[in-house]
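Participant: I am attaching a structure below and will ask some questions about it afterwards.
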Amino acid sequence: HPYLPSPPESNSFRGSRYMSSKRPQPPSPSDDNLTSPTSGGNKRARIRSRRNDMPTVNWGDWLKSTGSAVDQEQERIDRQRAAFGGETVARIKDLSVLILGCAGTGVETAKNLILSNVGAVTVWDSEVCSESHRGANFYVTPGDVRAGRTLAESSVAELRSLNPYCKVDVLDALPSDGDVAGYSAVVVARLLPRPDLVRINEAARR
């Protein structure tokens, strides 16, 4: 239009130049870039040597180096005392629990009680380990199945390793009425004949 001014030539040139320009792409990484003098030497070799210089510490060694067993037990008691109170912690430490059955529910109950720092846990299960038990009891190994160990025998070593200040024992047979009365609590985690269930229930409540 004769009455409308045309856009400045510099602006139109600048716009067309910006529209057609492309952002420069960084060079792709290659062995030449990693080993070029401007990159400060061989980066890959420096990273590899740095990893090799890092100290390797086994998990068990690191756990032992955190402090003595007495200090660890004191820290555990301090945390429990802060969460539950001193009186509750003392009562937990005086508990002696009998667990009948070491399949999924039984071994999980035993593990949690031991980690809770109860005084003693006794387990019983005369059933021989099989491959199906490996899906329920995480302590059963192929060696236990081949050796024909019972569920209680295959679990006791790992349960004892959880807390050295909790006494863990194994019963070879179902407890008598007098033995049941000596425990603070009894957990039945497997199917038992009805007469045995009634007998254990009555003995635990005397």
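The values are calculated or read from the model by the stated rules, or taken from the named source; none is laboratory data. The model shown is predicted, which means the values in this text are computed figures rather than measured ones. Heads up, the Cβs are rebuilt from the backbone with ideal geometry, glycines too, and the neighbour counts pull from every protein chain shown. Keep in mind that these areas ignore ligands, DNA and RNA; they rest on the heavy atoms of the full protein, side chains included. Shrake-Rupley method; radii C 1.70, N 1.55, O 1.52, S 1.80 Å.
Participant: Count, please, the residues in region 56-87 that happen to be of a type in the set (A, V, I, L, M), at pLDDT 70 or above and exposed (fewer than 11 other Cβ atoms within 10 Å of the Cβ).
Facilitator: 2
Participant: Among Ala103, Ala110, Ala90, which is within 27 Å of Ile77 (Cβ to Cβ) and modelled with pLDDT of 90 or more?
Facilitator: Result of the check over Ala103, Ala110, Ala90: Ala110.
Participant: Given the conditions (1) in contact (Cβ under 8 Å) with a residue 24 or more places away in the chain; (2) open to solvent by less than 20 Å² (accessible area, probe 1.4 Å), report the number of the one that Asp144 does not fulfil.
Facilitator: (1)
Participant: Another question, if that's okay. Of the conditions (1) buried (at least 17 other Cβ atoms within 10 Å of the Cβ); (2) touching a Cys at 6+ places or on another chain (Cβ under 8 Å); (3) farther than 30 Å from Glu75 by Cα, Ser155 fails just one. Which one is it?
Facilitator: Single failed check for Ser155: (3).
Results for (1) farther than 27 Å from Ser176 by Cα; (2) of a type in the set (S, T, N, Q); (3) open to solvent by 30 Å² or more (accessible area, probe 1.4 Å); (4) part of a helix (DSSP H, G or I), shown as yes or no for each residue.
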position: Ala90; (1), (2), (3), (4): yes, no, yes, yes
position: Ile99; (1), (2), (3), (4): no, no, no, no
position: Ala110; (1), (2), (3), (4): no, no, no, yes
position: Asn117; (1), (2), (3), (4): no, yes, no, no
position: Val121; (1), (2), (3), (4): no, no, no, no
position: Ser132; (1), (2), (3), (4): yes, yes, yes, yes
position: Asn137; (1), (2), (3), (4): no, yes, no, no
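Participant: In this structure, does Val186 turn out to be in contact with a strand residue (DSSP E or B) (Cβ under 8 Å, 6 or more places away or on another chain) and within 16 Å of Gly101 (Cα to Cα)?
Facilitator: Judged against the criteria, Val186 is a match.
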